[in-house]
Amino acid sequence: MGCLKRFAIISACMVVGIVFLLRHCDSSKSYDANSVGLVNGDGVYADSEQVTGPAPSYDEHKEHESAPAWIQGNWHVDTDYGGISLKIYGENIAETSGGETSYGRFKYQNDRLYCDFGDSQTFVYRLVRETQQIDAGNGLLMKKTE
């Protein structure tokens, strides 16, 4: 049982690490927190076993939605490879992971934050309204620290 537990922890670390590495290295793809895959330039999930249908993307033609007030403030989740922190104030967002902080802005639509950190990518965080948490991907639910 100990080996299985270690394998699961190592596998989860590798998946999360690869996603963040790809997010910072490949400008033609973006991560969607609703799946464990990347969204390629054609809007189709790639690099996961669930290669199906179009990825959720921000619809510029849809009426503007205001993000729920509860997302404002500081958020954190611990992972096996380190913590992920968010600071959200207004439509500004700062993400700290692996000792590096990226600053940007987000748009809100359909319980998702579409974040632009100025690196030609869109990083998507899914909101979990029922528990008022932010899903950082792969089921990593962030908790509000302030």
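No lab work stands behind these numbers, since they all come straight from the coordinates. For clarity, every value in this text was computed on a predicted model and none was experimentally measured. With ideal geometry, Cβ positions are generated from the backbone for all residues, glycine too; neighbour counts draw on all protein chains shown.
Worth a mention:
- Fraction of alpha-carbon pairs over 21 Å apart in the range 76-146 - percent: 18
- Protection proxy ranking, peptides 122-135, 97-110, average beta carbon neighbours within 10 Å, highest first: 122-135, 97-110
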